[in-house]
Amino acid sequence: MLKLFNTQSREKELVHSHNSHIKMYTCGPTIYDFAHIGNFRTYVFEDLLRRAIQHFGFKIEQAMNITDIDDKTIRGALARNIPLKEYTEPFKTAFFEDLDALNIQRAEHYPAATDYIPEMIQMIEQLLEKGYAYKSPNGSIYFSIRQFSTYGRLSRLKLADLKVNASGDNQADEYDKDNISDFVLWKAFDPERDGKIFWESPFGKGRPGWHIECSAMANKILGETIDIHCGGVDNMFPHHENEIAQSECCSGQRFVYQWVHVEHLLVDHKKMSKSLGNFYTLRDLLQKGYSGSEVRYLLLSTHYRTQLNFTFAGLDAARSSLQRIEDLIERLRSVKESKSSTASSERAKTRFDAALADDLNISSALAALFDFLRELNVLADQDKLGVEEAREALKLFEEWDKILGVLPLKKKEDEIPVELTRLLEEREKARKEKNFKQSDAMRDAILSQGYVIEDTPKGARLKKL
């Protein structure tokens, strides 16, 4: 009976589904740079939620958008004098590499905004026809928030308190809460701002605003009403508020049943900022010698509705916690004799599941895990742990890892050396570039280390001979 805290109702509610099928939309990255650890705090939680949904017997269809057109991506492309796609593609590739490093399951859909421009235009046309949008003097199309009487219901803002700036002066995708206005649906083309980046539309040359992108993609892929919509707490207003307004005005249907928001990540109790020197991407942490598993453990170990204070001491503690689990797993594998023990995998499983079902109470779930770990270690110390109990415990850790995605279950001899993984990546790149001489050299180097390359539906992988 999985319950989640619904931001809109401010209450824990049973997850909403249709015949045990859940449609979930999650706000993804804007690919103007590498994603930072604050972004990944949200993405790791969404992965934990996805895995928990599956654990409790639901089917899930998830869409995560890729924002490849907004003020930042356009500025970046213009600054380097290259096409927009050429600018964003390396950051898109890096994002998926980072997902893999953090063992984040792939969603069913990763729509890129630039692939859904026709759907956005169609939605804007509907809003104009219904009187919810208007054309400003500069040619941009704006949504009139005062035409939507329940605007502000998600963030609990009062419509009467919002300032109106319908003149079209405020055209930025980035908003300041002290200067709220009708929000832009379509930005009229400005060659000084946009260079040569624009799309044709019935409203003239231009490009979509940030908010309409998510509504159009969610509607096209998941339908007019979705079960769960996730994102960082900073997206609640204005982005998610605007999504509700434009989506419901188009469809006349409820847009989302449950809104789930993840709190901020701080660094040493301060907002992460490049100017403060406390800004980190995942790659920064990997270069400092930490593993993806250690970063993932730290990011998921604090409840999602509590601010997470990132420190390197915290990362070191994550490393120690994972080492404790690994030591126990190796100990369990070494048990060979049948003995009578009091270890209760079922009791630990019940505690873990109950915590997870209660709004993903990860602190209590991990407490159940480590209490079980201590129980097993005590029995092993007393030479009272039998082989059957050890096998049951290992099965439970494997089940838990399907949810946590971070437990060190691989045997050390099964781990692929980092250098060989790098050679495989270079070989795949060489093959794509049709540099077959280099590709063959990489293959031979891998073979000389006792590994062979296997091609699978999910790509190439290494296997020990």
Inset, instruction - Evaluate the range 22-32: report whether one residue or more is part of a loop (DSSP other than H, G, I, E, B), at pLDDT 95 or above and farther than 23 Å from Ser247 by Cβ. - result: yes
Legend entry - Test result for Arg41, within 14 Å of the chain's Cα centre (by Cα) and part of a helix (DSSP H, G or I): yes
Inset, instruction - Looking only at the range 60-69, decide whether some residue is among the charged types (D, E, K, R), under 28 Å from Gly223 (Cα atoms), within 19 Å of the chain's Cα centre (by Cα) and assigned to a strand (DSSP E or B). - result: yes
Legend entry - Residue ID - nearest to the chain's Cα centre (by Cα), chosen from residues in the range 266-286 that are among the basic types (Lys, Arg) and part of a strand (DSSP E or B): Lys271
Legend entry - Pick from the range 354-398, criterion in a helix (DSSP H, G or I) and touching a residue at least 60 places away in the same chain (Cβ under 8 Å), ranking: surrounded by the fewest Cβ atoms within 10 Å (Cβ to Cβ): Ser363
Legend entry - Failed item in (1) closer than 16 Å to Ile124 by Cβ; (2) in contact with a Ser or Thr (Cβ under 7 Å, 6 or more places away or on another chain), with Arg254 passing the rest: (1)
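Matching residues to (1) touching a His at 6+ places or on another chain (Cβ under 7 Å); (2) farther than 20 Å from Leu78 by Cβ; (3) assigned to a loop (DSSP other than H, G, I, E, B); (4) in the same structural domain as Ile74 (by TED's automatic domain parsing):
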{"site": "Leu185", "(1), (2), (3), (4)": "no, yes, no, yes"}
{"site": "Ile197", "(1), (2), (3), (4)": "no, no, yes, yes"}
{"site": "Phe203", "(1), (2), (3), (4)": "no, yes, yes, yes"}
{"site": "Cys214", "(1), (2), (3), (4)": "no, yes, no, yes"}
{"site": "Asn219", "(1), (2), (3), (4)": "no, yes, no, yes"}
{"site": "Ile228", "(1), (2), (3), (4)": "no, yes, no, yes"}
{"site": "Met236", "(1), (2), (3), (4)": "yes, yes, no, yes"}
{"site": "His239", "(1), (2), (3), (4)": "yes, yes, no, yes"}
{"site": "Asn242", "(1), (2), (3), (4)": "yes, yes, no, yes"}
Legend entry - Test: Ile197 is touching a Phe, Trp or Tyr at 6+ places or on another chain (Cβ under 6 Å) and modelled with pLDDT of 90 or more: no
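The rows are residues; the columns are (1) within 16 Å of Ile31 (Cβ to Cβ); (2) surrounded by 15 or more Cβ atoms within 10 Å (Cβ to Cβ).
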position	(1), (2)
Tyr87	yes, yes
Phe91	yes, yes
Ala101	no, yes
Glu108	no, no
Pro111	yes, yes
Tyr116	yes, yes
Glu125	no, yes
Legend entry - Residue among Ala317, Ala313, Ala367, Ala355 that is at pLDDT 95 or above, touching a Ser or Thr at 6+ places or on another chain (Cβ under 6 Å) and not aromatic (Phe, Trp, Tyr): Ala355
Legend entry - Any chance Phe45 is closer than 27 Å to Leu266 by Cα and touching a strand residue (DSSP E or B) at 6+ places or on another chain (Cβ under 6 Å): yes
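So that you can scan it fast, the table gives a plain yes or no per residue for (1) in contact (Cβ under 8 Å) with a residue 12 or more places away in the chain; (2) assigned to a loop (DSSP other than H, G, I, E, B); (3) at positive phi; (4) among the β-branched types (Val, Ile, Thr):
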residue	(1), (2), (3), (4)
Thr93	no, no, no, yes
Arg106	no, yes, no, no
Met123	yes, no, no, no
Leu127	yes, no, no, no
Gly131	yes, yes, yes, no
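The values are calculated or read from the model by the stated rules, or taken from the named source; none is laboratory data. None of these values were measured; they are calculated from a predicted model. Every residue, glycine among them, receives a Cβ derived from its backbone with ideal geometry; neighbour counts consider all protein chains shown.
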